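The values are calculated or read from the model by the stated rules, or taken from the named source; none is laboratory data. Computed from a predicted model, the values in this text were never measured in an experiment. Here the Cβ positions follow ideal geometry from the backbone for every residue, glycine too, while neighbour counts run over all protein chains shown. Heavy atoms of the whole protein, side chains included, go into the accessibility calculation; ligands, DNA and RNA do not. Shrake-Rupley method; radii C 1.70, N 1.55, O 1.52, S 1.80 Å.
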Amino acid sequence: MSDRTSVKQGFAVGTSIGAAVILVTVGIVQFFQGLAAVAENEVFVVGIDYVYQFDLTTWGWIHLVLGALVALVGLALFTGAAWARVSAVVICAISIIANFLWLPYYPWWSTLIIALNIVVIWAVSTWKPSHSTNAAAHASSTPPQSA
């Protein structure tokens, strides 16, 4: 394995741990965003009419469920398990779609969440745990070279 590959994998590992933190944080905030939409319809202002417009309470429930799922998958992602990585990609794709449809209600937040979901998908898609452990084992078994 080349040094370039090990650096790239090291970056992917770090970003994947960051992705897990991002998923947990986004999930919690999305959960509370849904709670606000369910509890009080006057919290969000709707601008122009939108083709995919749902009742605000419906959106609240969507964000409650999605937020809980995103947070749970983020916690599972800390394990580095393959099923957690696949789940993270799937839940991020669903979150991207939901936040695209949520754009008229909260455009800046939706755009930010879409961007963060793209980062998470990249991080967990490029991370190969077997390469990371091989690189760590190789680094620990290689004696330091004197100059």
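Quick look at the values:
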item: Close pairs from the range 98-126: first within 18 Å of residue 22 (Cβ to Cβ), partner basic (Lys, Arg) and open to solvent by 60 Å² or more (accessible area, probe 1.4 Å), Cβ under 9 Å, at least 6 apart; result: 126/8
item: Checklist (1) surrounded by fewer than 19 Cβ atoms within 10 Å (Cβ to Cβ); (2) within 15 Å of residue 106 (Cβ to Cβ); (3) modelled with pLDDT under 85 applied to residue 32, failing item; result: (3)
item: Residue list for the range 103-136, restricted to those being modelled with pLDDT of 85 or more, more than 26 Å from residue 80 (Cβ to Cβ) and surrounded by 17 or more Cβ atoms within 10 Å (Cβ to Cβ); result: 110
